[in-house]
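For reference, the structure discussed in these notes is given below.
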Amino acid sequence: MLARLYSEHVDAQAAVRVENERRRKEVLAAVGPFTSALMDSVNDGVAEVFTNQRKIDAEAHELRAETQRFSKQTTKWLRSVDDFNNSLKELGDFENWRCACAAVLPLWLALLRCRC
């Protein structure tokens with residue numbers, strides 16, 4: 001009797017194992033397509049983020065280069081404007097010198113006429 005109970009118990013456990021294995025396979029078969037679809041969706045999102053990040057990096061690099069070019073051009077313009085201002089100052093100094101010479105020249109001419 002004990003042997004028969006043990007044998008029934010072993011057979012029942014074997015049947016439970018077989019049933020559990022069958023159910024596990026059914027669940028895996030049912031969940032497999034869902035999991036694949038979910039992973040594809042996540043991967044698509046990650047790929048899109050990666051693509052967007054590369055575009056942003058490229059645009060940032062381009063903007064950095066454009067900013068450097070703009071900075072160099074601005075420096076050149078400032079240098080040109082400063083040189084122009086200095087030239088105007090020199091012209092103003094020359095104008096003052098010319099006016100001073102024009103004011104003193106009649107005096108020199110008068111002195112030269114008196115000595116001659």
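Within the set Leu112, Leu91, the sole residue that is of a type outside the set (S, T, N, Q) and either loosely packed, with under 10 Cβ neighbours inside 10 Å or touching a Leu at 6+ places or on another chain (Cβ under 9 Å) (or both) turns out to be Leu112.
This table checks each residue for (1) acidic (Asp, Glu); (2) loosely packed, with under 10 Cβ neighbours inside 10 Å.
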| position | (1), (2) |
| --- | --- |
| Leu2 | no, yes |
| Glu19 | yes, no |
| Glu26 | yes, no |
| Pro33 | no, yes |
| Asp40 | yes, no |
| Ala47 | no, no |
| Asp57 | yes, no |
| Leu63 | no, no |
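Checked against the criterion of being part of a helix (DSSP H, G or I) and more than 30 Å from the chain's Cα centre (by Cα), the candidates Ser41, Ser71, Ser80 yield just one match: Ser80.
Throughout, read-outs are computed from the coordinates displayed, never taken from laboratory work. Computed from a prediction, not measured in an experiment: that's the story for all the values here. When we count neighbours, we look across all protein chains shown, and the Cβ atoms used for this are built from the backbone with ideal geometry, even at glycine.
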